1. Which strands (runs of 3 or more DSSP E) does the range 131-243 wholly contain that include 1 or more residues that are open to solvent by less than 20 Å² (accessible area, probe 1.4 Å), under 19 Å from Val85 (Cα atoms) and charged (D, E, K, R)?
2. Return the pair list, or none, for Cβ contacts closer than 8 Å from residues in the range 115-130 that are within 22 Å of Ala175 (Cα to Cα) to residues that are of a type in the set (Phe, Trp, Tyr) and in a helix (DSSP H, G or I), at least 6 apart or on different chains.
3. Within the range 220-240, can one find any residue that is among the aliphatic types (A, V, I, L, M) and closer than 20 Å to Pro116 by Cα?
4. Does Gly56 qualify as being over 23 Å from Ala161 (Cα atoms) and of a type outside the set (Lys, Arg)?
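The values are calculated or read from the model by the stated rules, or taken from the named source; none is laboratory data. Everything quoted here is computed from the prediction, not taken from an experiment. Counting neighbours? That spans all protein chains shown, and the Cβs are built from the backbone with ideal geometry, glycine included. Accessible surface areas use protein heavy atoms only, side chains included; no ligands, DNA or RNA. Shrake-Rupley method; radii C 1.70, N 1.55, O 1.52, S 1.80 Å.
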Amino acid sequence: MCRTSPWAAGRNRVRGAEVPDDMTTIGLIGSGNIGSTVARLAVAAGHDVVLSNSRGPHTLQDLVSELGPKARAATPAEAAAAGDVVVVTVPLRAYRDVPVEPLAGKVVIDTNNYYPDRDGVFDELEDGSSTTGELLQKHLPEAHVVKGFNNIWAGHLGDLARPTGSADRSALPIAGDNAAAKQAVTELFDSLGYDTVDAGPLAENWRAQRDTPVYVTPYGAFGELPGTRASTQVVREALAAAK
């Protein structure tokens, strides 16, 4: 599905912390639909993955067995410590449970979306004074949060991955406050099979939240396969159309 693409040699410096460009281990805090799909794409691209969830490593053995020797199960703190990049993919209501100390200085991809019926009401999201990405960044003050993977159904995420240069490649939006962290995520997404469109800082990640033009529908109807290609132009225009 995806080519194995070594990261360029060298290091990115992220606010004084060195982040290796040859990142190979992806930590996952949360291993549901999005997390397990990211893990499959990562293993297909040659990365190691460390999976975790709130129920314990023993509940992930079937997934680990499916993924093979490049995957292992751990606790959230262990996955956070092991990952070169860490994907936080938990319900928004649980974001305060994400371990803080082991993520200091690391690039963290935030897939969270806000569903009041599930998560409860967050006044700062209701009045627009904050975004979901900013909430996680505040919780992880020494990490470098980049919003990503939050606008696509997991089925489409697995279905639409294509090698670099493919004419039918799709793009995903990202948002973040640190240029080097966004570059690291862009390179990771490339290895997983996707182009990226920079939506700006975390304050702008509302443009890719639920019920916006770029949410789910550019990639096809929710629950239906195959997916539909969403080019960088399509994603860029959908982000711009958000109100």
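1. Values: elements: 144-147, 171-176, 195-198.
So the answer is 144-147.
2. From the range 115-130, the pairs are Gly128/Trp206.
3. First, pick out the residues of the range 220-240 that are among the aliphatic types (A, V, I, L, M): 221, 225, 230, 234-235, 238-240.
Subset that is closer than 20 Å to Pro116 by Cα: none.
Within the range 220-240, none of the residues are among the aliphatic types (A, V, I, L, M) and closer than 20 Å to Pro116 by Cα.
4. Details: over 23 Å from Ala161 (Cα atoms): yes; of a type outside the set (Lys, Arg): yes.
Yes; evaluated as a whole, the condition is true for this residue.
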